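Have a look at the structure below before the remarks.
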Amino acid sequence: MYYKNFDEAWQDVLKVAKQKEEIRTLAQQVSNRVVSITDDSITVVSQKSRSGNERILTRQKFEPYWDALVEKGSLNFMEDLPRSKWFPLGSIIITFLAHLPCVEFTISPRVLYLMPHSTHDLGTTRMRLPEEIKLKGIVPGHRPLTDIERKRLWKKATGSFKRAGIPEEWFKELFHE
């Protein structure tokens, strides 16, 4: 495994927080401004907060996410953890974890995947292609996509990829657009 323990992963989470003045959630791209960082917490203010309330993300709040990710190799936090563990900070916590070099993610559903090695640089993210794209007409042995399916998938994929900041030309070839 890339990290020997949570302590090592936490140190890299803190490095990510120090690198970024703002971090956007994976699915909805909600901006969260990093206000302060200590050895045991990261404080953010979400653009969704009308009152500007600070949200304190303690090391202890990250641990159940990390433990579940290590145990299963993947984490769909809304299904794998009790609501009391992820509400209301789950989206921003998984966003920080997705910035670790050995964690990849999908948006629909929001799932983190723990990789045995680094797949991207610390402070960046790597989104996996949606499962639909792999299964319908792109994997050899499956029937070709119909024009209607291709257009529907194109529309869905471009929205996800654009929200994740992936350049259109990287995935355009898949749909022959």
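Summary table
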read-out: Order of S118, S51 - criterion: other Cβ atoms within 10 Å of each residue's Cβ, fewest first; value: S51, S118
read-out: For Y2, net neighbour charge (Lys/Arg +1, Asp/Glu -1) across residues whose Cβ lies under 10 Å away; value: -1
read-out: Difference of contour (0.36 nm per residue) and Cα-Cα distance, K18 to R128; value: 37.0 nm
read-out: Per principal axis, descending, Cα span of the range 63-127 in whole Å; value: 31, 22, 21
read-out: Ratio Rg/Rh [Cα only; Rh per Kirkwood] for the range 6-114; value: 0.93
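Rule-based calculations on the coordinates, nothing more; no lab input. This one's a predicted model, so the numbers in the text were calculated from it and none came from an experiment. Don't worry about glycine lacking a Cβ; one is built from the backbone with ideal geometry, like all the others, and counts go over all protein chains shown.
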